[in-house]
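Asker: Attaching a single structure in structure tokens format; questions to follow.
The values are calculated or read from the model by the stated rules, or taken from the named source; none is laboratory data. The structure displayed is predicted, hence computed values, not measured ones. Note that we place each Cβ from the backbone using ideal geometry, even for glycine, and neighbour counts take in every protein chain shown. Note: areas computed on protein heavy atoms with side chains; ligands, DNA, RNA excluded. Shrake-Rupley method; radii C 1.70, N 1.55, O 1.52, S 1.80 Å.
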Amino acid sequence: MFNGSQGRLELEVVESQFRIPSSSEGVSHGTQPLPHAGPATVTLQRLWQKPEKFPVVYDHAGHGGGDKRMLNVLFGPRPGEAPEIGDASKQSANERDGALALAVGLMANESFKTQEFVELKRAACTFLFIVYAFTKPSFLTSVPKESIGFNFDKIPGQCPPRAYGNGHWTGPQYRTNISTMTDQSQALAFSGFEGCASSREFFWHLASDNNDQWDRFPEAQSYKWTVGPEDGCEGLKELNKEKMVMDMVQQGGWLLLGDSITEGHFFSLSCILYPHVIATPTYTPNSGFDRAWPQNLYLNPESPLVKEMYIPADFDIAKTPLATFRRIDLLMTPEELVHLHDVLHPDTREDFSLFSDEATWNLSPTEYLPLFFENGYSTLVVSTGGHWTTTLFGGYGKNAPPAFEGAKLGIDGVIDFFEHAMRKWATDIQSALDEAARKDRGARKRQLVVRAYLPGHDDCHNIKKPWNEVRPEGSHSYNWGSIWRYNEAFEKILTETPGKYPDLHYLAIERPGRLRPDAHTTSDCLHIMTGVGVMEGWSHYIWHYISNELGRGRHSRVHT
């Protein structure tokens, strides 16, 4: 019953109209429907007016039908059930919320005992830590002592990144009865897509732009990355684009920073989430294009999800992006890197030039971090390594003399500088995340994930099936044979000191792509075609990681 200034609103739910004293009707409350169910009615009693009665559609299953909806959200639909997208899917209570709720009861008991007021700031830390530690014992064994804080959104993972990478490709399992490609648009059906929101180099991304390579279809699109408990991965649900869109709306969008490989990832994401998203800008063939232009995915106002899901008050369908790609090859500008190199090596020879005149696209963290903080994003996805070559970093190029006394030469010198640069970058990014959390008092949960960079495969177009094991790259085109060293350096930076970078996470999920030499675009052996499961797997795992491994709360830790 709700009383207000204009009258009263009453809800009456009759779970059971009568009971027969018989053991056959004995049920435990909530486990199954009570017998002889009655109606449910809402009565609106306006002041000085005749009451109005409104019948309510009511589910008499366990706890008013709430049990099956809750289980659908928590564990996924049962075979034959549709994913829950109603009110139950809009709830995101986690162990932090539960602990806070329990704290009220604990504080009440303390107040009864002492006959005094008990303030949350005085008792909460002790209460919440005890509740959390004893209800989730894995917390104390999985979080390093150095990083223990009251981060109740953290859930120790059940499918860590390397476990995801332990799987294997199974198939082919074809999605259609069509065995031969006769039209480039068939790539969508072969890949299981309804369409793709982005129009940028559409058929190139789908690798159907060259009919001389149509013999790869539909097999290349018919393999599935399979991972399970035997690989050390549990709790990885099937990708559900409706839930993924809802999470991006309710938890925050993704800002993807990287080179043209990450651009392919963005295009793939536009296909995964279609038709619930629209993309900008719209590209036309032979039109002008600047690689520095941002590419965005927005919630499609015509999507049925708009009417079915909770939309936060600060989310503007027309202005708040669900995902954005920005072309940033090095994560720092050449000017910043030159300055850093000068600081690290003040004795560099006078005629030394760190960079050649090779083109790159970059922004400074001082430019892209404000974009991240001010546009409703919660996850920053970055990847780098492919452009850290001896051709771009000409000062370490072939036959170049040592930059300074004791300097490493060639690719070894580039990788050594890469590690110094990424260490500074990581420190600056974590400091910025800390400051943002302090300013908004943890109002938005933010995290950064580093996706391991993926090397190419030489002679890829003559390989027609996935591999079972990673093989050494043959001729080591570009810096492909050394990409593992860049990845190793980045992972070392983020993990060697527990708790130093609590909001930066390294995702070693490159192995599925390394097993797919058959999955490249038509023009080269580096870029991955959309629809073969590699980049789709990146999106699937990142979504899993940030919503399950890290927890689903919208609020961040407030750093002190």
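Asker: Name the one entry in THR170, THR182 that is open to solvent by 50 Å² or more (accessible area, probe 1.4 Å), of a type in the set (S, T, N, Q) and modelled with pLDDT of 95 or more.
Answerer: THR182
Asker: Here's a check for you: in segment 236-265, which residue that is among the basic types (Lys, Arg) and assigned to a helix (DSSP H, G or I) is farthest from VAL73 (Cα to Cα)?
Answerer: Filtering first and then ranking leaves LYS241.
Asker: Looking at (1) surrounded by fewer than 19 Cβ atoms within 10 Å (Cβ to Cβ); (2) closer than 18 Å to PHE325 by Cα, which one does ASN211 not meet, given that it meets all the others?
Answerer: (2)
Asker: Filter the strands (runs of 3 or more DSSP E) completely within segment 268-367 down to those with at least 1 residues that are of a type in the set (Phe, Trp, Tyr) and under 24 Å from GLY385 (Cβ atoms).
Answerer: In segment 268-367, 321-327 are the strands (runs of 3 or more DSSP E) which contain 1 or more residues that are of a type in the set (Phe, Trp, Tyr) and under 24 Å from GLY385 (Cβ atoms).
Asker: What number goes with the only condition from (1) assigned to a helix (DSSP H, G or I); (2) under 25 Å from THR324 (Cβ atoms) that SER199 does not pass?
Answerer: Only one criterion in (1) assigned to a helix (DSSP H, G or I); (2) under 25 Å from THR324 (Cβ atoms) is unmet by SER199, namely (1).
Asker: Quick one: would you say TRP543 is open to solvent by 20 Å² or more (accessible area, probe 1.4 Å), part of a helix (DSSP H, G or I), touching a residue at least 12 places away in the same chain (Cβ under 8 Å) and closer than 26 Å to PRO172 by Cα?
Answerer: Here the answer is yes, as TRP543 does meet what is asked.
Asker: Filter segment 391-437 down to residues that are hydroxyl-bearing (Ser, Thr, Tyr) and surrounded by fewer than 20 Cβ atoms within 10 Å (Cβ to Cβ) and give me whichever is farthest from TRP480 (Cα to Cα).
Answerer: SER431
Conditions tested, residue by residue: (1) assigned to a loop (DSSP other than H, G, I, E, B); (2) modelled with pLDDT of 95 or more; (3) buried (at least 22 other Cβ atoms within 10 Å of the Cβ); (4) within 21 Å of the chain's Cα centre (by Cα).
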| site | (1), (2), (3), (4) |
| --- | --- |
| PRO472 | yes, no, no, no |
| TYR478 | yes, no, no, no |
| LEU494 | no, yes, no, yes |
| LYS500 | yes, yes, no, no |
| HIS505 | no, yes, no, yes |
| ASP524 | yes, yes, no, no |
| TRP538 | no, yes, yes, yes |
